[in-house]
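Heads up, the thing below is written out as structure tokens.
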Amino acid sequence: MGKGLDPMQAEERNRIIIFDTTLRDGEQSPGVALSAEEKVEIAEQLARLGVDVIEAGFPISSPGDFEAVRAIAHRVKGPIIAGLSRANPRDVERAGEALEPAARRRIHTFIATSEIHMKYKLRMEPDAVVAAAVEAVRRARRYTDDVEFSAEDATRSNLDFLARILSAAVEAGATTINVPDTVGYTTPQEFHRLITFLRQRVVGADRVKFSVHCHNDLGLAVANSLAAIEAGAVQVETTINGIGERAGNTSMEEVVMAMRTRRDYYHGWETGIATEHFYRTSRLVSSLTGMAVQANKAVVGANAFAHQAGIHQDGVLKEPLTYEIMRPQDVGVPKSLLVMGKLSGRHAFRERLKELGYEMTDEELQKAFARFKELADRKKDGVTDRDLEAIVEAERQLPAEIFGLDSFHVTSGTSTPPTATICLQVQGQRYQEAAWGTGPVDALYRAIDRITSLQCRLEDYSLKAVTSGQDALGEVTVRVAARRGEEGEVAMLGRGVSTDIIEASVKAYLAAVNKLCLTTGSHPMPPEALRVKEAVSQ
Ligand code: KIV
Ligand code: ZN
């Protein structure tokens, strides 16, 4: 491996195609459920980032996924929009229909090729698997000239069979051949050998692009992807923050920054990624999926550019290259944690948000500015970039308000049962209820449930401080599930931020409840007995 390519080969394959599957494999992460609007927002950010292909979803999997793929195909300009389908006629047709509005579209069809999968999951003979793959590729070509075929579980498949089915897929019209390490089983050297073998053995290999799709079960997804590119793969499938099934997929920011930072080693491979959008994209995906980015995560983690040891700090102050192999600004990490105060004006606020990568409408800016002023009043040491990000994200994700917070009061202590009283606004009326619980937040959530009359179940609750310090903003993320007619249970994420963690908890819960009501399209009115009878002034 390493510098082994001859210059001709290297030049021909200099441009590496970045295929993003955050919205498909990434969305398969446990507990993640994005609405169509949220998916469009992420897709627009991926287009800004410069990805070549966006896998927008798996259209046959649900009506919601179909609509989301269609909305992205319709609205997101620039990248090729791809939709996933199993190798059967109905799946391919559904993907074709969903992608129809896209200027550039790709159908990505797949079938498993390992003995374990064919025998136990598909219950199909190998010949039937090859026939299904051929038929699916041919059918997909009726909708688009750009067809990708994946041999699921390729790294545990018989080599001769793998070469046979991939040759048949190329013959049927596939233009990209993807080799997934579905269960994150392979190692860099082994994967390098596999790609080299397939490039030699697949009939028609020179007419198609080789792609890889790695999972991270052994923490090797990025290393395996890089090894495969060295062996001749020209497309790499990735997700933002490395989210995805189980331990996730190849992290886009890591694989792209490895190629960029080690251009000297990696034959000058180029991508079309505007890396300065990584930080913002990572934040957006994290806040919309509710999946936190670990502090020590490479490239985009909070500590990725933090130097703790005195000796390191001293070195970085003298010359950043001593301990920094990438510059924070190369991946869009804000230059400084600039602090703004209550005297900062609207202009400075707008400029700072621009530098942080937020493009906002006047109305959004207006609301965010009001929240900033409120916060600046509470935080004596000033508002940092991280605070700004937290309030803007929370504000942007607020659904239309069906149940609005009017006021609340809690009592809690070591010798009294925690109790809460809450007053909510619904269609111009105020409704009030009290409850007790295992803690003040539980008491508040019970009181809210009585007002909304919804049967909600709190699936997940997390609280983190946005910055350090006693007056830090608390950020609460909740996942709340409720029954929705025939579809069974649906779950929604809600986020709330405040310097008061109980208030942040209430805001997060109400955001999730409002989203649930909006997707259901209806909600019961609160019981009349809970309505606050306003005193009429004489
Ligand atoms: O991991 C996998 O094999 C996949 C395929 C559908 C490409 O996600
Ligand atoms: Zn996968």
Single unsatisfied condition, Ile391 versus (1) over 24 Å from Thr289 (Cα atoms); (2) hydrophobic (A, V, I, L, M, F, W, C); (3) in contact (Cβ under 8 Å) with a residue 60 or more places away in the chain: (1)
Some residue of the stretch 341-363 being under 30 Å from Pro526 (Cβ atoms) and either of a type outside the set (A, V, I, L, M, F, W, C) or within 26 Å of the chain's Cα centre (by Cα) (or both): yes
Failed item, numbered, when Leu398 is tested on (1) at pLDDT below 85; (2) surrounded by 19 or more Cβ atoms within 10 Å (Cβ to Cβ); (3) hydrophobic (A, V, I, L, M, F, W, C): (2)
Tally, over the stretch 174-194, of residues that are touching a helix residue (DSSP H, G or I) at 6+ places or on another chain (Cβ under 6 Å) and closer than 15 Å to Ala205 by Cβ: 3
Single residue of the stretch 465-489 satisfying the filter (farther than 24 Å from His409 by Cβ, more than 19 Å from the chain's Cα centre (by Cα) and not small (Gly, Ala, Ser)) that is surrounded by the fewest Cβ atoms within 10 Å (Cβ to Cβ): Glu486
Residue ID - surrounded by the fewest Cβ atoms within 10 Å (Cβ to Cβ), chosen from residues in the stretch 216-241 that are within 13 Å of ligand 1 (Cβ to nearest atom) and either in contact (Cβ under 8 Å) with a residue 40 or more places away in the chain or acidic (Asp, Glu) (or both): Asp217
Top-ranked residue of the stretch 242-259 - restricted to ones that are without any contact (Cβ under 8 Å) to a residue 60 or more places away in the chain and more than 13 Å from ligand 1 (Cβ to nearest atom), ranked as farthest from the chain's Cα centre (by Cα): Ala258
The stretch 13-61: number of residues that are within 13 Å of ligand 1 (Cβ to nearest atom), assigned to a strand (DSSP E or B) and more than 18 Å from Asp181 (Cβ to Cβ): 2
Hits in the stretch 181-210 (condition: within 16 Å of ligand 1 (Cβ to nearest atom) and either under 15 Å from Ile229 (Cβ atoms) or among the small types (Gly, Ala, Ser) (or both)): Asp181, Gly184, Thr186, Phe191, Leu194, Ile195, Leu198, Lys209, Phe210
Given (1) in contact (Cβ under 8 Å) with a residue 40 or more places away in the chain; (2) closer than 21 Å to Ile502 by Cβ, number of the condition Asp330 does not satisfy: (2)
In the stretch 29-60, the residues that are modelled with pLDDT under 95, crowded, with 18+ Cβ neighbours inside 10 Å and within 16 Å of ligand 2 (Cβ to nearest atom): Ser29, Val32
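Here is a yes/no grid of residues against (1) buried (at least 17 other Cβ atoms within 10 Å of the Cβ); (2) modelled with pLDDT of 95 or more; (3) within 17 Å of Thr182 (Cβ to Cβ):
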{"position": "Ala87", "(1), (2), (3)": "yes, yes, yes"}
{"position": "Arg94", "(1), (2), (3)": "yes, yes, no"}
{"position": "Pro101", "(1), (2), (3)": "no, yes, no"}
{"position": "Arg106", "(1), (2), (3)": "yes, yes, no"}
{"position": "Ala112", "(1), (2), (3)": "yes, yes, yes"}
{"position": "His117", "(1), (2), (3)": "yes, yes, yes"}
{"position": "Leu122", "(1), (2), (3)": "yes, yes, yes"}
{"position": "Val129", "(1), (2), (3)": "yes, yes, yes"}
{"position": "Arg139", "(1), (2), (3)": "yes, yes, no"}
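The values are calculated or read from the model by the stated rules, or taken from the named source; none is laboratory data. Keep in mind the model is a prediction, meaning the values are calculated, not measured. Positions of Cβ are generated from backbone atoms using ideal geometry, with glycine treated the same way; all protein chains shown enter the neighbour counts.
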